[in-house]
1. Going residue by residue through the range 155-173, is there one that turns out to be within 29 Å of T244 (Cα to Cα), surrounded by 21 or more Cβ atoms within 10 Å (Cβ to Cβ) and either at pLDDT 85 or above or within 24 Å of the chain's Cα centre (by Cα) (or both)?
2. Any residue at all in the range 123-137 that is buried (at least 17 other Cβ atoms within 10 Å of the Cβ), part of a helix (DSSP H, G or I) and modelled with pLDDT under 90?
3. Among the numbered criteria (1) surrounded by fewer than 17 Cβ atoms within 10 Å (Cβ to Cβ); (2) of a type in the set (V, I, T); (3) in contact with a Phe, Trp or Tyr (Cβ under 7 Å, 6 or more places away or on another chain), which one does V298 miss?
4. Filter the range 82-98 down to residues that are surrounded by fewer than 16 Cβ atoms within 10 Å (Cβ to Cβ) and more than 18 Å from the chain's Cα centre (by Cα), then give me how many there are.
5. Exactly one of (1) β-branched (V, I, T); (2) at pLDDT below 95; (3) under 31 Å from the mean Cα position of the chain (by Cα) is unmet by V233. Its number?
6. Given (1) touching a residue at least 12 places away in the same chain (Cβ under 8 Å); (2) farther than 30 Å from K323 by Cα, where does L196 come up short, assuming only one miss?
7. Name every residue in the range 110-122 that is assigned to a helix (DSSP H, G or I) and either without any contact (Cβ under 8 Å) to a residue 24 or more places away in the chain or of a type in the set (V, I, T) (or both), in order of residue number.
8. Yes or no: the range 337-347 includes at least one residue that is surrounded by 23 or more Cβ atoms within 10 Å (Cβ to Cβ) and either under 32 Å from the mean Cα position of the chain (by Cα) or under 25 Å from D192 (Cα atoms) (or both).
Amino acid sequence: MVKKSKKVNLNNDYEIKFEILKSIYEIGKLLTSTLESEKVLQLITEKVGELLSAKNWSLLFVDEEREELYFGIVVGEGSEKLKGKRLKLSEGIAGWVATHKKPILIPDVTKDSRFFSGMDKITGFKTESIICAPLISRGKILGVIELINKKIGDEFTEADLESLMHLADYIAIAIDNAKNFEKIQELTIRDDLTCLYNTRFFHEMLEREIKRAMRKKSELSLIFMDLDHFKEVNDTYGHIYGSTLLKEVAEVIMHSVRNIDIPIRYGGDEFVIILPETSKAQAEIVAKRILNNIRERVFLQQEGLNLKLTASIGFATFPDDAKDKESLIKSADNAMYKVKYTSRNDVKSA
């Protein structure tokens with residue numbers, strides 16, 4: 001007796017796989033449609049959670065100089081404790097993936113010697129299984145994406161890893177594009193010689209900071225600085241040495257201010273520093289610190305010149321000395337010129 005063959009339906013696994021790949025493609029289009037890092041990371045946070053069934057997941061970035069990974073995005077139990085934490089490239093599954101540039105599936109971490117339990121101790125979360133994929137763009141490792149403990153089912157599967165690898169490709173391209181875009185943007189607002197911000201950026205940023213100060217009802221200070229007798233350096237030793245001197249002065253300024261302060265090369269041997277949320281008394285402290293650090297520095301040592309230098313510095317504060325951008329610039333500039341045309345080597349307020 002001949003048995004009737006059953007009608008074969010489209011394989012359910014195939015349908016699921018197709019839907020996942022379709023979702024990944026849609027996410028990929030979204031990710032690569034923006035060039036702003038913050039938006040890229042926000043999209044990754046939203047979409048990975050929708051697509052992949054993991055209790056916890058992380059996006060870790062490579063810090064090449066320190067040879068470390070740091071947590072950029074962390075989602076799930078204990079995530080707030082991991083943000084910003086770092087791992088050596090030799091540590092853990094993520095470190096192994098970043099070093100070898102290969103994806104990995106570990107159904108049971110207790111059976112894998114590469115597993116590093118340090119992060120579990122920080123979060124109190126118990127890692128059982130992991131899938132992890134490298135983020136590679138143009139052959140360069142940017143980071144890794146790591147999923148921990150599957151929500152549905154006991155363990156991650158090869159199909160889960162394949163989906164993650166597809167998604168990782170799009171994430172890597174999106175992050176790389178955003179980084180390159182930021183580098184190009186940075187070039188348009190940086191001074192070529194000193195790498196401080198340029199005048200174009202100064203006017204835009206000062207306008208923004210004044211509006212923020214008005215909104216928050218806080219103070220904002222502005223420092224103007226001009227190097228004393230800088231022309232003599234150019235006339236005596238030449239413009240190449242003068243340029244090197246300006247670079248070294250920029251280094252002194254950078255090491256004399258806070259991370260939130262905005263140092264600018266205003267033009268020639270003039271420098272400006274925007275000091276957000278800074279009172280007149282606080283601005284005076286910063287101005288005197290800069291002047292003192294310039295006095296103490298021996299410039300052009302590598303060139304064998306060993307020059308000493310001073311500066312004329314003026315500062316003004318919003319809203320005490322000015323009510324808008326133009327008057328704040330004028331007040332700080334006038335204060336600087338008072339020093340320049342009298343004693344030099346000093347600090348004066350508006």
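1. Checking the range 155-173: not a single residue is within 29 Å of T244 (Cα to Cα), surrounded by 21 or more Cβ atoms within 10 Å (Cβ to Cβ) and either at pLDDT 85 or above or within 24 Å of the chain's Cα centre (by Cα) (or both).
2. Checked the range 123-137: at least one residue is buried (at least 17 other Cβ atoms within 10 Å of the Cβ), part of a helix (DSSP H, G or I) and modelled with pLDDT under 90.
3. (3)
4. Of the residues in the range 82-98, the ones surrounded by fewer than 16 Cβ atoms within 10 Å (Cβ to Cβ) are 83-84, 86, 88, 90.
Filter once more, keeping what is more than 18 Å from the chain's Cα centre (by Cα): 88, 90.
Count: 2.
5. Answer for V233: the failing condition is (3).
6. Here L196 meets the rest and fails (2).
7. Step one: list which residues in the range 110-122 are assigned to a helix (DSSP H, G or I), which gives 110-111, 118-122.
T110, K111, D120, K121, I122 - these are the residues of the range 110-122 that are assigned to a helix (DSSP H, G or I) and either without any contact (Cβ under 8 Å) to a residue 24 or more places away in the chain or of a type in the set (V, I, T) (or both).
8. No, the conditions are met nowhere in the range 337-347.
The values are calculated or read from the model by the stated rules, or taken from the named source; none is laboratory data. Not measured: the values here are computed from a predicted model. We place every Cβ from the backbone using ideal geometry, glycine too, and count neighbours over all the protein chains shown.
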